[in-house]
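The values are calculated or read from the model by the stated rules, or taken from the named source; none is laboratory data. As the structure is a prediction and not an experimental result, all values here were calculated from the model. All Cβ positions, glycine included, derive from the backbone under ideal geometry; neighbour counts span all protein chains shown. Surface areas here come from the heavy atoms of the whole protein model, side chains and all, with no ligands, DNA or RNA. Shrake-Rupley method; radii C 1.70, N 1.55, O 1.52, S 1.80 Å.
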Amino acid sequence: VNQAFALARPEFFRRIVFDECEHLHEQAHNAWSKALSFRELRGILARIRQPDRSYSRAVLDRLARQVVPGTPSGDCVNLCAGIFEELEECVDELERVAIEFDAWRREELRVRPESEQHFLMREFAERQGGDMVRARVNTSRAGSEMERCLADLAEHIAEMPLRGAGGLRRALDLVRTNLDTALVTIGTWLPLEDDKPSFADSFFYDVEPEARGGFVLAARVLLPNEVLGSVYYPELANASFLSATTWISGGFEAAKAYLGLDRAAQPAPTEDRSACAVRTFRAPDVFDWSRVLVGIPKDAPSVQRDKDAFLAYVRRFVAHLAERTRGRVLVLFTNASDMKRVGDELVGFFRARRIPFWFQNQEGTVKEELADLFRARVGSVLMGVDTFWYGADFPGDALQYVVIVKLPYGVPDRYHQAQCAAIGVSEQRRRIYMPKSLSKFRQGFGRLMRRETDRGCVFVLDGRALEPRHRAFLRELPVAQVFDGSADAQEGLARLVRGDTDHCVREALRHMNLTESVRERGLDTPFDAFTVEGSRPEEGLA
């Protein structure tokens with residue numbers, strides 16, 4: 001089963017093997033958090049009733065066309081329609097309050113540091129959120145009445161000879177379940193006691209803007225690792241945690257903190273439970289990493305100082321490399337909009353060279369199919385985000401070059417700041433922020449070597465990897481810690497090459513025995529003279 005199901009139904013499983021266990025922290029966050037967008041809430045309402053549509057397929061509208069007016073079932077349908085109107089007004093009011101809160105928050109952040117924004121939801125609700133509390137109470141009340149009325153209606157129609165009775169009953173049961181889930185989320189988002197906010201320290205409460213517009217009401221578990229270690233693991237008979245990235249920062253301690261295993265082994269004084277025994281084992285490495293070259297171009301623009309210039313460089317680098325290697329390239333981004341921007345600008349370039357090219361969210365593609373396409377079409381280029389850092393497996397000739405665009409640092413958003421406030425900045429960085437970032441980096445690097453016979457190159461385009469304060473990422477890789485690009489790799493370790501882009505690409509082509517092939521195809525143009533728009537389409541077809 002997947003990890004999300006194991007966490008959601010712990011009573012089903014007592015002995016578990018968690019493969020790719022670094023995902024467990026994020027899965028616990030998802031399983032134990034609540035979030036509801038107004039888009040989703042209005043979708044539930046639309047499945048109940050759509051009074052503005054002449055032939056609506058919403059369940060109340062379908063029933064209204066079949067029941068006899070004046071009968072108990074007809075009266076129940078009318079009652080549900082009246083409650084629906086009240087619920088719709090309550091949802092409108094709740095959304096208006098969410099918009100007002102977001103406007104207030106933006107005004108406050110003009111005079112407050114961003115590090116304070118994580119508690120503004122609590123401050124607003126506790127000090128001046130009377131409208132927010134009333135809207136939450138009214139929405140919960142009207143929603144509960146709606147749910148009860150739909151339950152009564154289900155009883156009325158259970159024995160009625162209606163057209164499509166089975167489908168109607170299923171639709172009614174489904175919308176009741178969806179409504180109940182939404183009401184639980186709304187209640188969790190703004191918990192009340194005696195009609196006053198009663199926030200728990202273990203959750204982060206927020207109104208989150210959606211990328212497509214609108215807002216999400218969210219109550220997110222603040223420290224998933226703490227809950228895993230103090231609540232979930234002690235109830236298991238035993239468990240094994242497997243991953244290539246449990247050994248990070250030179251040991252198991254970082255992974256144990258990120259997964260909450262240190263909490264399982266050390267109960268707090270207030271906890272009435274026994275300590276869990278935690279044992280570790282590091283298996284021998286099976287790969288000959290000298291088959292890998294790691295290149296870090298020193299002339300790439302700074303991603304922090306000039307993002308536009310950096311993305312333009314990424315576009316040129318991917319085109320330059322893939323044209324010379326005839327594809328076999330996986331490009332890993334940390335930001336979906338950056339990936340789409342680069343991808344849209346490369347579609348024509350690769351089409352002219354007949355190199356299959358895909359990226360996540362590309363028009364006409366489905367994420368689940370991209371891995372199969374890339375695996376089947378040797379000589380193609382694939383660009384992706386999170387999915388392809390972790391779960392993708394491309395052994396053999398399909399993948400020989402991995403390009404890591406940026407170091408996978410997390411975004412210091414309000415949730416991150418709330419964690420820092422709860423346990424301290426240094427502790428949050430030690431237990432959550434850096435283990436997550438380093439693990440993702442290791443996983444991205446690990447996409448290359450899937451078999452002992454694999455061979456290839458990994459490029460890191462983020463020059464910060466060479467800076468002392470960011471060199472923790474480089475220390476995670478099995479590379480010889482030398483900074484002379486001409487030095488030979490130490491036995492069993494990958495060779496590290498740094499220098500300008502031309503030097504890194506030349507060394508990669510030499511490593512893959514492609515130097516003569518590239519020269520014969522007339523593709524030995526220096527990178528500085530290479531432009532995506534200016535390269536002749538026939539160059540890549542020789």
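General remarks:
- CD proxy at 222 nm, helix term only [per DSSP H run n ≥ 4: -39500 (n - 2.57); per residue of the chain; nearest 500]: -14000 deg cm²/dmol
- Shown is the FRET efficiency for N30 and D52, computed with R0 = 51 Å from the Cβ-Cβ distance and rounded to the nearest 0.05: 0.90.
- In this simple spin-label approximation, R170 and A4 carry label points 7 Å from Cα along the Cα→Cβ vector, and these lie 2.2 nm apart.
- Relative contact order (percent, whole number), the chain, Cα cutoff 8 Å, 6+ residue spacing: 16
- Within the stretch 199-306, chymotrypsin sites (Phe, Trp or Tyr not before Pro) in DSSP loop having at most 14 other beta-carbon neighbours inside 10 Å: F281
- Rounded FRET efficiency, nearest 0.05, which uses the C-beta distance separating E20 from L236 and R0 of 22 Å: 0.75
- Full extension of the segment from V411 to R429, taken as 0.36 nm per residue of separation minus the current Cα-Cα distance, would add 5.2 nm.
- Point-to-point label distance, A421-K298, nm (Cα→Cβ direction, 7 Å offset): 4.4
- 30 Å Cα-Cα threshold exceeded, pairs from K256/K340; K307/K436; K256/K307; K196/K440; K196/K256: K256/K340; K256/K307; K196/K440; K196/K256
- Sites A265 and V68, calculated FRET efficiency, Cβ-Cβ separation with R0 60 Å, nearest 0.05: 0.35
- Distance between the pseudo-spin-label points of S144 and R112 (7 Å out from Cα toward the beta carbon): 3.1 nm.
- Accessible surface computed residue by residue for the chain, with neighbouring protein chains in place and a 1.4 Å probe, gives 48 Å² per residue.
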